[in-house]
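Structure record follows, encoded as structure tokens.
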Amino acid sequence: MAEKNGEFGAFVSGFVMGALVGGAVALLMAPLSGEEARTMIKDKSIELKDITAEKTDQLTQKTKEGVSSLQKRGQEVLEEQKARLAKKQEPPEEVIIVEENNEADSEPTEDV
């Protein structure tokens, strides 16, 4: 799970960095006036902010779902282990051993 989040985070970081670099290169290479360039920078930054906020919200939601799932599973495992431990600690059932004494088998012997 941590690997997937790490990979997703790396993807988002790469996406943001690529957008910034691409935007900067486009601005430097485009034949725009100062006013047009400022307007374009403003628009692109707002767009990038919105995309970043959306991706952050998605990642936050996925993380919350993952944490919730892990908490639920952890609680289930805890309850199972408590039940196992309680079962092992129960006193054993009382076992009564009855010895039969057959008089036919144990006849008294006389010393001669």
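Okay, here's what the table says:
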{"quantity": "Enumeration of residues in the range 21-53 that are exposed (fewer than 10 other Cβ atoms within 10 Å of the Cβ) and outside any helix (DSSP H, G or I)", "calculated": "Pro31, Ser33"}
{"quantity": "Failed condition for Val67, given (1) under 26 Å from Val12 (Cα atoms); (2) of a type in the set (A, V, I, L, M, F, W, C); (3) touching a helix residue (DSSP H, G or I) at 6+ places or on another chain (Cβ under 8 Å)", "calculated": "(3)"}
{"quantity": "Set Val25, Val67, Val21: member being modelled with pLDDT under 85 and within 26 Å of Glu7 (Cβ to Cβ)", "calculated": "Val21"}
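The values are calculated or read from the model by the stated rules, or taken from the named source; none is laboratory data. It should be emphasised that the depicted structure is a prediction, and the values quoted were computed from it without experimental measurement. All Cβ positions, glycine included, derive from the backbone under ideal geometry; neighbour counts span all protein chains shown.
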